[in-house]
Structure formats: structure tokens, C-alpha cells
Amino acid sequence: MYSLSARLLVSVSLLLVLFFGLTIAVLDSAFRSAGEEAQENILDGHLMQLLAAAEPGPEGGLTMPPDLPEPRFGSIGSGLYGELRDGDGDAVWQSRSALGLTLPRQVPPQPGVQVFAQDALADGTPLLTLSLAVEWEFPDGTLERYVFEVLESLDSFNAQLAEFRRQLFTWFAALAALLLVAIGLLQRRMLRPLRRIEAEIGEIEQGERSALSGQLPTELAGVARNLNLLIDTERGRSERYRKTLDNLAHSLKTPLAAMRALFSDSGINATQQQRIDEQIERMDEIVRYQLRKPASVDRDALVIATVDVVAETRRLVDGLSKVYASKPVSIETQLDGEASLKGDSGDYLELAGNLLDNACKWCEQQVRVTLSADDGGIELSVDDDGPGIPADAREGLLKRGARLDEAAPGHGIGLAIVKDIVSSYNGSLEIGDSELGGARISIKLPG
């Protein structure tokens with residue numbers, strides 16, 4: 001994940017999930033505790049009603065009136081149940097609401113102690129129970145133990161708790177979504193200067209702008225200032241190199257022109273003269289390219305041009321066919337018309353020229369050049385039917401001065417130059433075996 005926007009949104013999302021999760025847990029715990037406390041207070045009120053309604057009976061023992069102040073005790077299936085038990089645990093009285101039910105019983109508490117507990121009916125209905133044991137003194141002075149118990153179904157409470165949780169999650173989810181949208185919009189606005197710097201750098205590359213603008217936030221003003229200083233420094237250095245090297249290139253034109261004139265006066269035929277002129281012109285181009293390398297930055301902008309690699313490859317093939325006309329060499333081409341490269345044409349000519357020259361030098365009679373588009377870049381492969389390159393020598397050949405055959409002409413730097421150019425474009429180079437029987441060298445350069 002390389003996007004700052006994506007990183008920020010993911011980080012904020014995780015923080016929101018953590019914060020809202022903790023908030024939901026705290027609110028849920030607080031609501032549940034408050035609800036349970038309220039339920040216990042309600043049960044305590046019902047228990048006090050039973051205690052107030054209990055009276056000694058004419059035949060001894062306690063009795064309860066048929067109608068109680070709380071009507072739910074008299075309504076079957078109301079969810080509120082009451083029971084009075086004697087000291088032996090036998091039921092003296094049960095509310096009408098418990099008709100047909102077997103109420104669970106708790107361990108009798110100590111006299112004067114209220115005990116809350118959770119239990120369930122036989123059908124699984126959850127209950128909250130409150131038990132209180134008392135020592136009842138009758139008019140004759142005798143004491144008897146009785147247990148008052150109130151039970152209430154928790155279905156309503158659990159339904160309210162579930163509804164509260166549903167609303168809690170719904171509102172917090174909606175709030176989190178709104179916050180993420182708001183943060184996304186704010187982030188888009190805050191990152192606008194970075195996108196502007198990116199666009200301006202692209203304009204500099206295309207030659208539409210010479211420097212970054214200065215109207216940037218304080219945090220980015222230093223970055224822009226340093227980048228502008230770097231660009232200006234490189235332009236100044238390139239300009240100094242260009243002037244020096246232009247003078248050198250201009251000085252070399254005279255010897256090349258003299259060579260052309262000498263060959264013209266030597267009496268050779270027109271065909272040979274044309275070939276010599278072509279090679280002198282090629283030498284002139286190579287000199288200009290090599291001298292142009294240190295100052296490849298344009299005078300007013302850092303422009304990245306598009307190289308017509310198909311045309312340049314055909315041009316190289318035509319030139320090498322003439323150079324190796326005495327061998328002779330059959331050069332087969334498979335060129336994709338969609339292939340193009342953003343870079344320097346001299347770099348491509350240097351790279352492809354070295355590969356083709358090596359293939360023509362070491363082949364028996366056949367060379368194949370394959371050029372295709374590859375993910376916005378290019379892939380160039382050169383095959384030959386020569387002796388090939390041993391696997392254990394391939395890595396060493398990429399070093400300057402390394403050669404397989406010391407007797408063969410050359411300086412051993414061709415593949416090293418190719419490697420350097422490929423590396424400067426963040427490309428890749430691979431040496432393998434060709435279907436033709438010799439070596440196959442493939443390079444990939446990104447777009």
C-alpha cells in the first residue's frame with residue numbers, strides 16, 4: 001500500500017473501529033447495569049407489596065388476599081410471579097399468574113437477607129428472582145419462618161437490550177461512515193498541494209514548465225525550494241558541459257570532413273564512397289551521442305522524448321547488413337509496430353547496436369531480432385546461431401573488459417555498456433540459449 005490517502009483512510013478506519021468499539025462496549029455495559037439495577041428495584045418494590053399484604057390467618061399461619069395492588073400478579077402469563085413458602089419449603093401461596101407453571105426455587109436465604117438470582121422456567125424463559133426470609137411473630141408470641149419470593153421474566157428486558165444494541169450499532173456505523181466521508185473529503189483537500197507538485201513535475205518533464213511554483217503550504221515550501229535549486233544546479237552544470245563538449249564536437253568535425261574528402265580523392269567507386277560516407281556519418285553520430293550524454297538535460301526543461309524504436313532498429317539492421325556483407329549474415333526481424341520507448345534515442349541505438357553487432361560478429365550466418373511492446377515499455381531479444389555463451393560465463397561477461405575469446409577483435413565493454421543503459425532505465429537483462437543454437441540476449445525496458 002503505497003498511497004498516502006489509502007494509508008490515512010485505513011489508519012483512521014482502524015482508529016474509529018477501536019474507539020467506537022470501546023465506546024459501544026462501555027455504553028452497552030452501562031445500559032445493561034442500569035437496566036439490571038432498575039429490574040432489581042422493581043422486584044424489591046413488588047416484594048415489599050407482598051410483605052405488606054401478608055396477614056395472619058384465622059386458623060394460624062400467613063395468608064394473602066385474593067387481589068393484590070399489582071394486577072400482574074393476578075394475570076395469567078403476565079411474566080410476574082409471586083410465592084410464599086413456610087419454613088419447611090412448602091408453598092403456602094402462589095400468585096394466579098403462576099397457574100400451570102412450576103416455579104424454580106432458590107436456596108432459602110438467611111432471615112432478613114435479600115438474595116437476587118437468575119433462573120429459568122421449564123420452557124427456558126429467563127427469570128430474575130428475589131428471595132427474602134423473615135421470622136414472622138404471631139399474636140400468641142410464636143415465631144415462624146417464611147420465604148417471600150418474587151420472579152419476573154427477563155424476555156422484555158432482553159428485548160429492550162437487543163433493540164438498544166441494534167440502535168447503538170446502527171447509529172455508530174452511520175456516524176463512522178459520515179466521519180470517513182468527511183475525513184476523505186478533508187484529506188483530498190489537504191493533499192491537493194502534493195497532487196499539484198506531482199502535476200508540476202510532470203509539466204517540467206514535458207517541457208511545459210521550468211520550475212515548481214512557490215505558492216505551497218509551509219510544510220512543502222522547503223521541498224519545492226530544494227527541488228527548484230536542484231533543477232537549476234543541474235541545468236547550470238549541463239549548460240557548462242554542453243558548451244565545452246560542443247566545442248569538442250565542433251573540433252572533431254574537421255577531421256571527419258577531411259577523411260571524407262581524402263576518400264573522395266582516392267578514386268574509389270561511387271558505391272564504396274557511399275558506404276564510406278555512411279560509416280563516417282555514423283561515426284559522427286556516435287561522437288555527438290557520446291558527447292551529449294553528460295548534458296542530456298534540455299536547456300529549458302527536463303523533457304522525456306518518445307523513441308521510434310522500430311525505425312531505429314531497422315536503421316541498425318540495414319547498417320550492419322552492409323558492414324557484415326562479406327560474411328554474409330542473414331538478419332531476420334520481427335518488429336511490433338506498437339513498441340515505443342520514452343528516453344534517449346542515442347541510448348537505444350547504443351544498446352541495440354551493441355547487441356546486434358555482437359550477434360553478427362559471433363553468428364554463423366543467422367541473426368534474429370525480436371521487438372515487442374511490453375506493459376507500456378519494450379522487450380528486445382537478439383538471437384544468433386553461433387557458439388553461444390556458457391552459463392558459468394554469462395555473469396562475468398557483463399563486467400567491463402571481460403571477453404570469451406581474447407583473440408577476437410573488440411574491447412570487451414559492449415555488454416557492460418548495455419547493462420549500464422538497461423540499469424539506468426530500471427530495466428532487466430537476461431542471457432540464455434537461443435532456438436537458433438547460439439546465444440539469446442533479452443532486455444526489458446519500462447515505459
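The values are calculated or read from the model by the stated rules, or taken from the named source; none is laboratory data. What you see is a predicted model; the values in this text were computed from it and never measured. Cβ atoms come from the backbone with ideal geometry, glycine included; neighbour counts cover every protein chain shown. We work out accessible area using only protein heavy atoms, side chains counted, and drop any ligands, DNA or RNA first. Shrake-Rupley method; radii C 1.70, N 1.55, O 1.52, S 1.80 Å.
Some notes on this structure:
- Considering residues of the range 94-107 that are outside any loop (DSSP other than H, G, I, E, B) and open to solvent by 60 Å² or more (accessible area, probe 1.4 Å) only, the residue farthest from R145 (Cα to Cα): R96
- Taken as a whole, the structure leaves A199 outside the set of residues that are among the hydrophobic types (A, V, I, L, M, F, W, C), on the phi < 0 side of the Ramachandran plot and open to solvent by less than 30 Å² (accessible area, probe 1.4 Å).
- Of all residues in the range 159-193, those being in a helix (DSSP H, G or I), touching a residue at least 24 places away in the same chain (Cβ under 8 Å) and open to solvent by less than 70 Å² (accessible area, probe 1.4 Å) number 11.
- Taking the criterion of being at pLDDT 90 or above, among the β-branched types (V, I, T), surrounded by 11 or more Cβ atoms within 10 Å (Cβ to Cβ) and under 30 Å from L186 (Cβ atoms), the residues of the range 1-45 that qualify are T23, I24.
Per-residue answers, yes or no, for (1) without any contact (Cβ under 8 Å) to a residue 12 or more places away in the chain; (2) open to solvent by less than 40 Å² (accessible area, probe 1.4 Å); (3) within 22 Å of A159 (Cβ to Cβ):
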{"site": "L47", "(1), (2), (3)": "no, yes, no"}
{"site": "G60", "(1), (2), (3)": "no, no, no"}
{"site": "S75", "(1), (2), (3)": "no, no, yes"}
{"site": "G82", "(1), (2), (3)": "no, yes, no"}
{"site": "V92", "(1), (2), (3)": "no, no, no"}
{"site": "Q114", "(1), (2), (3)": "no, no, no"}
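- Filtered residue count, the range 1-33, keeping only those that are within 30 Å of E198 (Cα to Cα) and either among the aliphatic types (A, V, I, L, M) or assigned to a helix (DSSP H, G or I) (or both): 13
Residue by residue, here is whether (1) on the phi > 0 side of the Ramachandran plot; (2) crowded, with 19+ Cβ neighbours inside 10 Å; (3) polar (S, T, N, Q) holds:
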| residue | (1), (2), (3) |
| --- | --- |
| V323 | no, no, no |
| V329 | no, yes, no |
| T333 | no, no, yes |
| A339 | no, yes, no |
| K342 | no, no, no |
| S345 | no, no, yes |
| N354 | no, yes, yes |
| D357 | no, no, no |
| W362 | no, yes, no |
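- Criterion applied to T233, T244 was being more than 30 Å from L8 (Cβ to Cβ), among the β-branched types (V, I, T), modelled with pLDDT of 75 or more and assigned to a helix (DSSP H, G or I), and the one residue passing it is T233.
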